[in-house]
């Protein structure tokens with residue numbers, strides 16, 4: 001069964017996933033922060049996508065190209081009519097990032113597994129260590145539509161514009177300028193802080209303890225309390241764009257806000273640019 005109560009039918013429940021493990025028209029895809037987690041165990045029949053090498057171009061510091069992404073989907077046995085179900089660790093951070101990229105390239109049949117890897121493991125649902133192999137589908141994606149993607153020049157000229165709402169989904173310590181990146185993360189910036197005027201709404205506030213998303217009413221109240229409403233242009237960002245993809249998913253897909261974009265340049269770009277303003281909520285030692 002899919003998960004109802006939201007603006008779009010973009011989530012599947014663990015029960016639905018379990019019932020569709022042998023469905024040839026469904027492809028489960030695991031995308032983890034910890035790229036070794038899949039080898040330890042995964043949903044039977046699931047393929048793994050590596051966010052560091054398959055969903056990103058490390059030379060251009062950009063998302064995967066149309067050609068690269070088409071090849072990845074084809075090798076995963078995903079065709080135009082395949083129902084893709086994404087899931088991963090850290091409450092679907094990078095699964096949401098993959099979802100957002102698929103939408104940029106016009107893929108229609110894609111959903112997230114509500115609760116992700118955490119919920120699946122915690123409820124002792126079926127696991128496998130086998131790596132499946134699927135016949136190449138030959139799918140060719142369309143050119144990317146960047147209407148769901150924000151760039152720095154979409155933000156800089158509009159700083160102070162009441163019609164623009166910025167959502168910083170990083171931890172309070174990152175937002176306040178106490179740290180630049182979470183422990184163990186290598187992508188950093190020259191300065192710590194946040195974009196002026198951004199609201200601090202950490203990604204973790206969107207999910208319950210079991211990893212599933214909060215209700216539409218709870219999520220609406222969470223954002224409205226910080227002035228984030230559907231009538232404003234909203235841009236979410238984090239450090240490299242993965243956590244903000246989850247917040248984009250909540251706002252655009254679950255709540256149905258139409259004017260929402262993900263700024264995947266995020267703090268690694270903004271915090272290193274020369275001549276752009278930043279804010280800090282606490283004093284930072286020189």
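The numbers here are math on the coordinates, done by the rules we state, and not lab data. Treat the numbers as computed from the prediction; the structure is a model and nothing was measured. Glycine gets a Cβ as well: all are built from the backbone with ideal geometry, and neighbour counts include every protein chain shown.
One table, with the values for the structure above:
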{"quantity": "Extension gain from residue 225 to residue 123, taking 0.36 nm per residue of separation minus the Cα-Cα distance", "calculated": "33.4 nm"}
{"quantity": "Between the stretch 142-170 and the stretch 196-213, the alpha-carbon center distance in angstrom", "calculated": "19"}
{"quantity": "Three-way shape label, the stretch 11-144, alpha-carbon gyration tensor, a/c 1.5", "calculated": "prolate"}
{"quantity": "Mean residue ellipticity (222 nm) of the chain, computed from DSSP H runs ≥ 4 via -39,500 (n - 2.57), nearest 500", "calculated": "-6500 deg cm²/dmol"}
{"quantity": "Centre separation in Å (Cα based) which lies between the stretch 237-286 and the stretch 53-112", "calculated": "20"}
{"quantity": "Average silhouette area of the stretch 148-221, convex hull of alpha-carbon atoms, in square nanometres", "calculated": "6.9"}
{"quantity": "Burial ranking of peptide ranges 248-260, 152-164 (average Cβ count within 10 Å, highest at the top)", "calculated": "248-260, 152-164"}
{"quantity": "Extent along principal axes [Cα atoms of the stretch 96-230; Å; largest to smallest]", "calculated": "51, 38, 36"}
{"quantity": "The chain - percent relative contact order, Cα under 8 Å, separation 6 or more", "calculated": "20"}
{"quantity": "For the chain, share of DSSP beta bridges that run antiparallel, in % to the nearest 5", "calculated": "20"}
